[in-house]
Amino acid sequence: NRSTRVDLRVTNLLPAWHCFDMDYYLRKVTIPFIGSHLTVMPVLTGRGCVGKCSFCSPTIGSFRKRPIADVIDEIEEMTQRYEFDHIFFYNEMFYPAAKDVIAFCHAYIERGVKKTWMTQIRADANLDLETFFLMKKAGCVAVSSGIESGSDKILKQMNKRTKVEQIRSFFVNAKAAGIPSNGTFIIGSEGETEETLKETIDLVIDNEINTGSSLLYVYPGTQIYDRAVSNGMIKDERKHLEVILKASTGLFQPGGREGFLNVTELPTDQFFNVATREVRRYNTFVFNRYVVKNLKCETEEIQSHVLFSMTGECGECGNAVRHKYSAISGPSYNGILGFGINDRLICPECLN
């Protein structure tokens, strides 16, 4: 029997942080565009999502918003109890519309909260440039948004509810306001063709969007999964689940292709040829557009891993940049550099 949902509009419940391992939550982490050795605490502005995307976890397409005053009260209490650097609004979407974001920012400024924050927002919240400037004034230091595709045809197939122009506007406005932004897109969606994937890469290149890609994985409970079962593409549900639990959604990572269920309009071999070419086209663009001068890479083997340390100078402002990542080594991992193919040296000064 499903329990009764708490009405967040009338009941203000705060996390019982004293019951948690705070050493875990207050550990030092590296955040792209922001810096390293930082502590970040999570806060929810609400629950749910207004979307009903076919690839995503089941949702009723609604967002249960907490009163803004309750959210700010929680942040102030956390600030008094713990030492940390940033707030991350951890729910699936910050707020559903620009008016909600504007109301939060004004309240945050009026209360005099000094804690900086980052969040993820749907592109169809339709934030204009003025709203991004207001967010920055209120302490926003980074935003992210799901791109998913640069094709209106695929976005419609996904039931994404966003248009390519809304996605473009989101990242253009964030950049103009000086807020670092990040996006993600999906490779191999239902109905994907060579042309639609090319449209996605063209979008992120033309607008210089910092982004990462993920293969579409058909997860139980999603609309795509239900269709795949009904049309016979998934014959053994348990076997399908066992495969995807062991696999990776990274195109260039070991295990990335094993769990992929091809629901595109391309034969599997052709799809991977096209996907590899297009994603490399984006990575090559980034490599050539944002040059790292005097780039050096050192490696150190530690048991079954190789530690890569990259250093150099930002080609935009000359500031020192550095990045470290670890990769599994061994004969079964052909090309360990594949683990770092999407890794970037992000300048802490000019944020390029």
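The values are calculated or read from the model by the stated rules, or taken from the named source; none is laboratory data. Since this is a predicted model, take the numbers as computed values, not measurements. We place every Cβ from the backbone using ideal geometry, glycine too, and count neighbours over all the protein chains shown. Each accessible area value is taken on the protein alone, full model and side chains, heavy atoms only, with ligands, DNA and RNA left out. Shrake-Rupley method; radii C 1.70, N 1.55, O 1.52, S 1.80 Å.
Taking every DSSP beta bridge that has both ends in the chain, the antiparallel portion is near 50%. Put simply, region 138-278 fits an ellipsoid with semi-axes of 29, 16, 15 Å; these come from the alpha carbon gyration tensor as the roots of five times its eigenvalues, largest first. Taken over the Cα atoms of region 98-160, the convex hull encloses 83 Å³ per residue. Within the accessible surface of the chain, defined with a 1.4 Å probe on protein heavy atoms only, the carbon and sulfur portion equals 51 percent. Measuring only protein heavy atoms, the 1.4 Å probe finds MET233 accessible over about 80 Å². Dividing the mean sequence gap of close Cα pairs (under 8 Å, 6+ apart) by how many residues region 251-334 holds gives a relative contact order of 19 percent. Rounded to the nearest 20, the Cβ-based charge dipole of region 216-269 about its Cα centre (Lys and Arg +1, Asp and Glu -1) stands at 120 debye. The trypsin sites (Lys or Arg not before Pro) of region 176-237 that DSSP puts in a loop, and whose beta carbon has at most 12 other beta carbons within 10 Å, are LYS235. Computed 3J(HN,Hα) for region 302-310, one whole-Hz value per residue from the Karplus formula 6.51 cos²θ - 1.76 cosθ + 1.60 where θ = phi - 60°, is 10, 6, 8, 10, 10, 9, 9, 10, 10, glycine and proline marked x. Sites count as exposed loop sites when they are GluC sites (Glu not before Pro), lie in a DSSP loop, and have at most 11 other Cβ atoms within 10 angstrom; the longest stretch of the chain without one is 84-257. Taking amide H as placed 1.01 Å from N in the peptide plane, the amide H of ASN182 sits under 5 Å from that of VAL143, SER144, SER145, each at least 5 places away or on another chain.
For the chain, the relative contact order is 12 percent, taking Cα pairs closer than 8 Å that sit 6 or more residues apart in sequence and dividing their mean separation by the residue count. Comparing Cα centroids, region 112-130 and region 9-85 end up 14 angstrom apart. Between (i) 17.5; (ii) 20.0; (iii) 21.4, which matches mean projected area of the Cα convex hull in nm² calculated for the structure shown? The value matching this structure is (ii).
What is the Cα radius of gyration of region 234-297 over 2.2 N^0.38 Å, N being its residue count? Cα Rg divided by the expected 2.2 N^0.38 Å: 1.52. Working from Cα pairs under 8 Å separated by at least six residues, relative contact order for region 115-203 is 37 percent.
Once Rg and the Kirkwood radius are both taken over the C-alpha atoms of region 82-132, their ratio Rg/Rh works out to 0.98. Measuring between alpha carbons in the structure, the pairs from LYS65/LYS114; LYS28/LYS175; LYS28/LYS52; LYS114/LYS156 lying more than 29 angstrom apart are LYS28/LYS52; LYS114/LYS156. The calculated FRET efficiency for LYS198 paired with VAL10, based on their beta-carbon distance and R0 = 30 Å, is about 0.05. Amide H to amide H, with H built 1.01 Å from N, LEU261 comes under 5 Å of VAL218, counting only residues 5 or more places away or on other chains. Restricting the calculation to Cα atoms, every distinct pair contributes to the Kirkwood radius of region 61-185, found to be 15.2 Å. Over all distinct Cα-Cα pairs of region 138-207, the Kirkwood formula returns a hydrodynamic radius of 12.5 Å.
Each Cα pair of region 205-312 feeds into the Kirkwood radius, which the Stokes-Einstein equation turns, at 4 °C and 1.567 mPa s, into a diffusion coefficient of 77 µm²/s. Residues of region 49-89 falling in the label zone of GLU110, defined by backbone nitrogen less than 16 Å from a point 7 Å along Cα to beta-carbon, are 67-73. Classified by the C-alpha gyration tensor, region 24-115 has an oblate form. Its axis ratio a/c, with a ≥ b ≥ c, is 1.5 or above, and a/b does not exceed b/c. Amide H contacts of GLU92 (H built 1.01 Å from N, in plane; Pro and chain starts excluded): GLY48 sit under 5 Å, all sequence-distant by 5 or more or on other chains. Per residue, the solvent-accessible area of the chain (1.4 Å probe, heavy atoms of protein chains only, all protein chains present) comes to 53 Å². Along region 164-169 the Karplus relation, 6.51 cos²θ - 1.76 cosθ + 1.60 evaluated at θ = phi - 60°, assigns HN-Hα couplings of 4, 5, 5, 5, 4, 4 Hz to successive residues, with x for each Gly and Pro.
Alpha carbon centre of region 259-332 versus region 195-222: separation in Å? So the two Cα centres are separated by 17 Å. Just going by the charge dipole of the chain, with Lys and Arg at +1 and Asp and Glu at -1 on Cβ, which of GLN270, ALA107, GLY35 is farthest out on the positive end? Result: ALA107, furthest along the dipole toward the positive end.
Per residue, the chain reaches -10000 deg cm²/dmol at 222 nm when only DSSP H runs of four or more residues are counted, each adding -39500 (n - 2.57). Take the Cα of ARG238, step 7 Å toward its Cβ, do the same at HIS37, and the gap between the two points is 5.1 nm. Each Lys and Arg Cβ is given +1 and each Asp and Glu Cβ -1; about its Cα centre, region 1-124 then shows a dipole of about 440 debye. Within a Cβ distance under 14 Å of GLU76, other residues only, what is the Lys/Arg minus Asp/Glu net charge? Charge balance in the 14 Å sphere: -1.
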